[in-house]
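What follows draws every value from the coordinates through simple rules; no lab data is involved. In this text the structure is predicted, and so the values were computed from the model without any measurement. FYI the Cβ positions are ideal-geometry reconstructions off the backbone, even for glycines, and counts take in every protein chain you see.
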Ligand code: ZN
């Protein structure tokens, strides 16, 4: 347990942020969550959020005591000021600049900044996000340098001593499953497998061994590969 006043977890309803929520609940006496509605093509992630939070409460009475308010913030302005495959109905593809067109420029900067504003109001001094350099699509706003620079900017701009914690920054998807097992055993792995949603296409019709999803989009591919490695498949012999 740390002496922190409490943590605000960026919680989307996906595998990474659910693992981050469990991580925060195992460390901080007070944990709140924040989610953003920004006109995602498929609102499935947002729809599963309350159920995942409920299940986290049921997993551990201590987590139930620690888990406080959930803040849902309307950031629909994102879909008005950017044009990406996450918010409009275009095919997911790589762009000339080497980034996939699922990249929403500055999204995580905006999320963290809004989260910092809410944390200020709620008296919370830790922001927890699932950003990851190791196993992600190369989004520049997921990098550790970006998050450290943003932490400095927020603290300068708000006269606070807020910490941005990114427990998944240096681990891959297989290790993210492993972390879930360390935090909450197979029960948490099962909660994340069946309760969370990651698929870019919003597909939730079929339960695979790694969870629900289309099985083909980049988010499903990463999640499936990570799960198979977590369950013991060699890293170079994975098929979906
Ligand atoms: Zn998918």
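Points to keep in mind about this one:
- The chain: most fluctuating residue of 70, 141, 60 per GNM, C-alpha cutoff 10 Å: 60
- A crude spin-label estimate for the pair residue 182 and residue 54, with each label 7 Å from Cα along the Cβ direction, gives 3.1 nm.
- Estimated 222 nm signal from helices in the chain, with DSSP H stretches of n ≥ 4 weighted -39500 (n - 2.57), rounded to 500: -14000 deg cm²/dmol
- Taking packing as the residue-averaged number of other Cβ atoms within 10 angstrom, the listed peptides 178-184, 145-151 run from highest to lowest as 178-184, 145-151.
- Convex hull volume per residue in cubic angstrom - Cα atoms of the chain: 123 Å³
- Structure remark: mean-square fluctuation, Gaussian network model of the chain, C-alpha springs under 10 Å; the largest value among 173, 216, 30 belongs to 216.
- Taking every DSSP beta bridge that has both ends in the chain, the antiparallel portion is near 15%.
- Dividing the mean sequence gap of close Cα pairs (under 8 Å, 6+ apart) by how many residues the chain holds gives a relative contact order of 22 percent.
- Residue with peak Gaussian network fluctuation, the chain [Cα springs, cutoff 10 Å], from 61, 105, 140: 61
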